[in-house]
Amino acid sequence: MKTTKISFFILSLMLLLVSGLSGWVGNAAAASDSGKTYIIGTDITFAPFEYQDENGDYVGIDMDLLDAIAKDQNFKYQIKALGFNAAVQALEANQVDGVIAGMSITDERKAKFDFSEPYYDSGVVMGISANNDTIKSYEDLRGKKVAVKTGTEGYSFAESIASKYGFTIVPFDDSSQMYDDVKTGNSAACFEDEPVLRFGVKQNNGLKVVTDKEDGASYGFAVSKDKNQELLEMFNAGLVNIKANGEYERIIAEYVGENAQVANQGRWELIQKSLPALFKGLGNTLIYTIVSLFFAFIIGLIFGFMKVGQNKFLRGVATVFVDIFRGIPLIVLAFFIYFGIPQAMGFTMPLFLAAILTLSLNAGAYVTEIIRGGIQSIDRGQMEAARSLGLPYRKAMIKIVIPQAVRVMIPSFINQMVITLKDTSILSVIGLVELTQSGKIVIARTFSSFDIWLTVAVMYLIVIITLTKVADYLEVKVRRG
């Protein structure tokens with residue numbers, strides 16, 4: 001019976017692993033049967049250039065241009081939606097073959113990447129709250145705060161004029177956070193690429209544009225320096241062809257033309273249409289939590305028993321393990337595993353594997369201490385009494401100490417389970433599409449921060465309370481034997 005249960009548990013884990021692996025890349029692919037399949041990194045919160053529609057498909061100017069060029073040049077690709085900063089780091093670490101994410105062609109970036117011919121001429125404009133009538137030019141920003149998105153041309157432009165006009169820069173990771181900061185009055189204005197901000201204004205993001213477009217760099221498709229040159233050549237050739245046959249103009253007009261689609265959804269309708277994407281993100285959150293805790297428990301068992309053992313060397317190894325992985329912030333560990341190690345060792349690491357490694361090692365360090373603390377909380381006299389009755393150390397530990405220690409450990413295990421579930425949200429920085437990242441993606445399209453974040457918070461709350469109640473019930477059952 002025990003063997004059957006263990007087999008069923010292992011089979012379930014394998015199914016979860018397969019499900020997760022199938023979801024770590026996007027679903028867009030060109031219809032071609034020949035050649036290599038290129039992995040293309042992109043942003044997910046940069047409408048109208050790349051965002052996710054209501055059906056969960058990645059759409060936008062960049063996505064449609066790439067698709068048209070791939071069909072024209074007959075190459076295959078897969079989209080890896082990471083976020084702008086993560087996509088650029090992934091390209092540096094050779095985790096992706098190319099990046100298309102509204103990336104401005106600058107001299108600094110040319111030192112690291114090779115760019116295609118420019119495919120869109122952009123520029124920066126200033127946006128303020130739609131209800132603000134006091135700011136009409138850069139001179140009105142003196143003594144105020146200005147929101148900008150890190151790594152963008154808007155950030156560089158703000159830096160270049162901040163001292164001249166006397167304002168302070170407040171950096172954010174994505175456009176929706178920047179817009180919310182302006183709408184709530186924390187920042188007086190924001191600088192954003194002209195087509196992006198005008199698209200947001202058209203979708204009722206609560207802002208308005210008050211300056212003319214500043215001259216700025218053009219957008220280009222990027223590959224790593226001296227790598228994937230065949231992909232770059234195909235992109236350039238395809239771009240020329242789709243401009244010649246009118247496909248390029250059609251795509252641009254679809255998103256930023258006069259007849260571009262305008263969002264007009266009520267609050268309840270918006271939440272209803274967002275729920276499938278949020279539930280999918282919730283499913284990924286649970287998968288990553290369960291799989292990581294499974295491996296964290298194995299790691300914790302190994303190092304926990306090493307820490308309470310009699311071998312000084314093994315105790316030292318376990319102590320070093322705990323010190324390292326408990327001492328490194330989770331976000332730094334995620335960056336190191338997903339970007340640092342592959343770049344140094346010259347291989348590609350799947351996102352699913354990087355996420356599981358990060359969560360398992362982090363949680364494993366804490367589980368190690370939970371097991372050590374639980375075992376050492378049992379009175380030493382119990383072990384001495386068992387040994388005096390003739391029981392060997394191992395048998396005394398299994399029969400006398402561990403059953404009592406498990407009862408002590410259960411509340412800490414429940415706490416660690418909740419912490420690991422919430423920690424999955426931190427891994428959105430490396431492109432993991434779990435519940436929090438799913439919320440960001442929906443907000444990037446709808447600009448409805450309050451409704452979506454409230455929905456996400458309620459989903460987290462329901463899941464955590466449910467898991468806690470189940471764990472409490474199991475704890476009572478164990479205590480009663």
Problem set entry | Residue ID - surrounded by the fewest Cβ atoms within 10 Å (Cβ to Cβ), chosen from residues in region 135-184 that are among the aromatic types (Phe, Trp, Tyr) and in contact (Cβ under 8 Å) with a residue 60 or more places away in the chain | 138
Exercise. Do the conditions hold for residue 204, that is, is it over 15 Å from residue 126 (Cβ atoms), at pLDDT below 90 and either assigned to a strand (DSSP E or B) or of a type outside the set (Gly, Ala, Ser) (or both)?
Worked result: yes
Exercise. Is region 464-476 home to any residue that is surrounded by 20 or more Cβ atoms within 10 Å (Cβ to Cβ), in contact with a Leu (Cβ under 9 Å, 6 or more places away or on another chain) and in a helix (DSSP H, G or I)?
Worked result: no
Seminar exercise, completed: Contact list, first residue from region 90-119 and under 17 Å from residue 37 (Cβ atoms) and without any contact (Cβ under 8 Å) to a residue 60 or more places away in the chain, second anywhere and open to solvent by 30 Å² or more (accessible area, probe 1.4 Å) and among the polar types (S, T, N, Q), beta-carbon distance below 6 Å, six or more apart or interchain, is none
Exercise. Using beta carbons and a limit of 9 Å, which pairs, at least six apart or on different chains, have the first residue in region 222-242 and at positive phi and the second one surrounded by 14 or more Cβ atoms within 10 Å (Cβ to Cβ) and not hydroxyl-bearing (Ser, Thr, Tyr)?
Worked result: 226/114; 228/97; 228/98; 228/114
Exercise. Quick check: is even one residue across region 26-41 assigned to a loop (DSSP other than H, G, I, E, B), touching a Lys or Arg at 6+ places or on another chain (Cβ under 9 Å), at pLDDT below 70 and closer than 23 Å to residue 273 by Cα?
Worked result: yes
Problem set entry | Long-range neighbours under 7 Å by Cβ, at least six apart or interchain, first residue within 12 Å of residue 410 (Cα to Cα) within region 363-381, second among the aromatic types (Phe, Trp, Tyr) and surrounded by fewer than 23 Cβ atoms within 10 Å (Cβ to Cβ) | 367/297; 370/413
Exercise. Quick check, is residue 282 part of a helix (DSSP H, G or I), in contact (Cβ under 8 Å) with a residue 12 or more places away in the chain, open to solvent by 40 Å² or more (accessible area, probe 1.4 Å) and not polar (S, T, N, Q)?
Worked result: no
Problem set entry | Filter result (open to solvent by 10 Å² or more (accessible area, probe 1.4 Å) and under 19 Å from residue 398 (Cβ atoms)) within region 336-380 | 370, 372, 373, 375, 376, 377, 378, 379, 380
Exercise. Has region 256-266 got any residue that is in a helix (DSSP H, G or I) and open to solvent by 80 Å² or more (accessible area, probe 1.4 Å)?
Worked result: no
Problem set entry | Pick from region 211-255, criterion open to solvent by 40 Å² or more (accessible area, probe 1.4 Å) and not in a helix (DSSP H, G or I), ranking: farthest from residue 155 (Cα to Cα) | 245
For this session: Considering each residue of region 268-279, count those that are surrounded by fewer than 16 Cβ atoms within 10 Å (Cβ to Cβ) and either modelled with pLDDT of 90 or more or more than 30 Å from residue 418 (Cα to Cα) (or both), and give that number.
Result: 4
For this session: Could you pull out every one of the strands (runs of 3 or more DSSP E) wholly within region 46-159 that has 1 or more residues that are aliphatic (A, V, I, L, M), within 20 Å of the chain's Cα centre (by Cα) and modelled with pLDDT under 90?
Result: 76-81
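The values are calculated or read from the model by the stated rules, or taken from the named source; none is laboratory data. The structure displayed is predicted, hence computed values, not measured ones. For neighbour counting, all protein chains shown are included, and Cβ atoms are generated from backbone atoms with ideal geometry for every residue, glycine included. Just the protein is used for accessible areas: all its heavy atoms, side chains included, with ligands, DNA and RNA removed. Shrake-Rupley method; radii C 1.70, N 1.55, O 1.52, S 1.80 Å.
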